[in-house]
Amino acid sequence: MSKLMLATSCALALLGVNALGQATGSAQTSTPAPEHLAEAARSLAGVSDESLRSETKKNLVQLRKDLVQLRKDFETLSTNYKTSPANSADWQPVLWDVERDLVLLVGGGGLEPAVEAKPIPGLAAEVPESPARTSLEEFRTHLELFYDAAISLHSQAPPAKDGVAF
């Protein structure tokens with residue numbers, strides 16, 4: 001076995017996937033998607049209007065509007081997922097709305113740029129470093145974990161019948 005194949009097999013084993021791309025027991029014991037939704041809700045509950053800081057009144061008003069929209073979209077996501085967890089077409093578009101709301105509040109979820117980014121005209125002010133920002137970043141983490149768990153749970157192929165997968 002080549003070093004690349006060995007490394008790939010080890011990495012897949014750590015991720016809970018066997019050589020055929022099927023989930024192994026370790027992946028199935030991960031935290032269920034509803035628990036991640038509940039954790040996300042707890043993190044979002046930690047953000048209050050009073051915890052938002054802004055240098056200008058205009059930015060504060062916009063931040064509060066963005067937070068209200070985030071809460072509304074998250075509630076819709078939670079309701080849609082609880083109603084139809086296996087049908088991602090019901091809840092996934094709302095998940096993208098929640099992510100859009102988060103981008104307006106705390107920026108993108110990628111790595112921080114090495115160079116100080118310049119503000120983009122017309123984009124809502126980001127939440128400055130504060131407990132609110134920390135809670136929103138925790139919210140994003142739980143939301144990403146929810147998505148991973150929900151997609152992996154509901155995208156598994158149906159069980160094989162008589163040794164033949166459908």
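The values are calculated or read from the model by the stated rules, or taken from the named source; none is laboratory data. Just so it is clear, the structure is predicted and the values come from calculations on it, not from any experiment. Note that each Cβ is placed from the backbone with ideal geometry, even for glycine, and that neighbours are counted across all protein chains shown. Areas reflect the complete protein model, heavy atoms only, side chains present, ligands, DNA and RNA absent. Shrake-Rupley method; radii C 1.70, N 1.55, O 1.52, S 1.80 Å.
Looking across region 61-94, just one residue is part of a loop (DSSP other than H, G, I, E, B) and more than 18 Å from ASP148 (Cβ to Cβ), and that is SER84. Being hydrophobic (A, V, I, L, M, F, W, C), under 25 Å from LEU153 (Cβ atoms) and either exposed (fewer than 13 other Cβ atoms within 10 Å of the Cβ) or modelled with pLDDT of 70 or more (or both) is a property that holds for ALA86. Residues that are under 22 Å from GLN62 (Cβ atoms), modelled with pLDDT under 90 and in contact with a Lys or Arg (Cβ under 6 Å, 6 or more places away or on another chain) occur in region 119-129; there is at least one.
Can you work out which of the residues in region 28-60 that are assigned to a loop (DSSP other than H, G, I, E, B), open to solvent by 30 Å² or more (accessible area, probe 1.4 Å) and at pLDDT 85 or above is farthest from LEU143 (Cα to Cα)? Within region 28-60, the match that is farthest from LEU143 (Cα to Cα) is GLY46.
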